[in-house]
Amino acid sequence: MSNFDKTTVSVNGKGNHVGDKVNVTNKVTNNNSHNHVTNMYREPPRSGGGTDGELPAAVLFGALAVWQFFRHYEQLMSAMQHAIALAVVPSLIAAVIAYIRDKDAQPATISTLPAIVFALAGYLTLQVIGDNIPKPVEGLAANGPVIQFWRSLTEYGRQVVLQNTAAIVFVLMATVSNALAGLRTFATTNYGWFAWLWNLTWRNSPRRHVFTQVVYLGAAALFASGKAVAAWAWFQDAIRSALS
């Protein structure tokens with residue numbers, strides 16, 4: 001520790017708003033502590049930032065969405081079943097038009113048969129999900145606010161709700177993909193009238209359609225059966241074992 005009394009301090013630097021020399025009359029105690037200040041204010045990260053606030057917002061939105069879904073569980077599940085059936089209609093219409101025109105119906109048939117098979121698979125997956133959801137979950141969501149709903153669930157109950165919600169999301173994605181593939185097939189019946197529809201759906205080729213359906217419905221089946229969660233737990237244990 002050192003003391004300085006009536007010391008002349010020289011201040012050099014660009015942009016200083018003081019003179020070159022300042023007489024310091026106050027007693028200053030130096031504890032050999034050096035603090036370097038490079039910024040007087042906070043700047044946003046150069047990478048764009050905002051991730052600290054986005055994650056809690058996403059979690060909150062997800063919790064609200066799940067709660068709202070189970071508040072209207074019966075109506076939404078019924079709507080999804082109807083959507084699965086309607087997704088096949090464009091392919092069926094395309095096959096009928098090709099048959100009536102005495103044209104080669106093979107392309108339309110190739111698109112229609114997978115659409116029907118995947119629609120049935122999606123419908124059966126919804127039935128499995130419905131059997132997995134305990135009836136009290138619907139009552140908790142319908143009779144209480146979102147915070148009470150999540151607090152009332154046990155850890156196992158939250159796991160069941162989340163994994164079956166994920167399965168429902170994948171079934172919904174498979175249904176949308178099935179509908180787009182059907183609309184693509186329907187657009188081929190008349191390129192002059194439905195050129196705009198073809199431009200929107202041409203990427204949903206039969207090969208891509210089959211691939212996406214296998215991925216989406218496979219993921220839905222894994223979540224509905226609980227194997228996806230079990231696989232994730234096994235993966236975490238394997239990582240811990242490798243690092244320890």
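Scanning the stretch 73-112 for residues that are in a helix (DSSP H, G or I) and among the charged types (D, E, K, R) yields a single hit, 74.
From 198, 150, 193, 202, which residue is without any contact (Cβ under 8 Å) to a residue 12 or more places away in the chain and not β-branched (Val, Ile, Thr)?
Numbers: 198 fails: without any contact (Cβ under 8 Å) to a residue 12 or more places away in the chain; 150 fails: without any contact (Cβ under 8 Å) to a residue 12 or more places away in the chain; 202 fails: without any contact (Cβ under 8 Å) to a residue 12 or more places away in the chain.
Answer to the selection: 193.
Would you kindly identify the helices (runs of 4 or more DSSP H) lying entirely within the stretch 175-244 that contain at least 2 residues that are closer than 18 Å to residue 115 by Cα and at pLDDT 85 or above? It would help to see each step written out before you state the result.
Working: elements: 195-201, 206-225, 227-243.
Correct list: 206-225.
Say whether the condition of being crowded, with 18+ Cβ neighbours inside 10 Å and of a type in the set (Val, Ile, Thr) is met by at least one residue in the stretch 166-173. Yes - at least one qualifying residue is present in the stretch 166-173.
Within the stretch 104-115, identify whether any single residue is of a type outside the set (Val, Ile, Thr), without any contact (Cβ under 8 Å) to a residue 24 or more places away in the chain, touching a Phe, Trp or Tyr at 6+ places or on another chain (Cβ under 8 Å) and at negative phi, and answer yes or no. Break it down into steps so the answer makes sense when it comes.
Step one: of the stretch 104-115, the residues of a type outside the set (Val, Ile, Thr) are 104-108, 111, 113-115.
Now drop any that are not without any contact (Cβ under 8 Å) to a residue 24 or more places away in the chain, which leaves 104-106, 113.
Checking the rest, the ones that are also touching a Phe, Trp or Tyr at 6+ places or on another chain (Cβ under 8 Å) come to 105.
Adding the requirement that they be at negative phi leaves 105.
Checking the stretch 104-115: at least one residue is of a type outside the set (Val, Ile, Thr), without any contact (Cβ under 8 Å) to a residue 24 or more places away in the chain, touching a Phe, Trp or Tyr at 6+ places or on another chain (Cβ under 8 Å) and at negative phi.
Would you mind stating whether residue 70 is aromatic (Phe, Trp, Tyr), at pLDDT below 95 and out of contact with any Cys (no Cβ under 8 Å at 6 or more places or on another chain)? Criteria met by residue 70. Tell me whether the stretch 137-159 contains one or more residues that are of a type in the set (Ser, Thr, Tyr), at pLDDT 95 or above and part of a helix (DSSP H, G or I). No, there is no match, as no residue in the stretch 137-159 is of a type in the set (Ser, Thr, Tyr), at pLDDT 95 or above and part of a helix (DSSP H, G or I).
Among the residues of the stretch 33-45, none qualifies, meaning not one is at pLDDT 90 or above and in a loop (DSSP other than H, G, I, E, B).
The values are calculated or read from the model by the stated rules, or taken from the named source; none is laboratory data. If you're wondering where the values come from, they're calculated on a predicted model, not measured in any experiment. With ideal geometry, Cβ positions are generated from the backbone for all residues, glycine too; neighbour counts draw on all protein chains shown.
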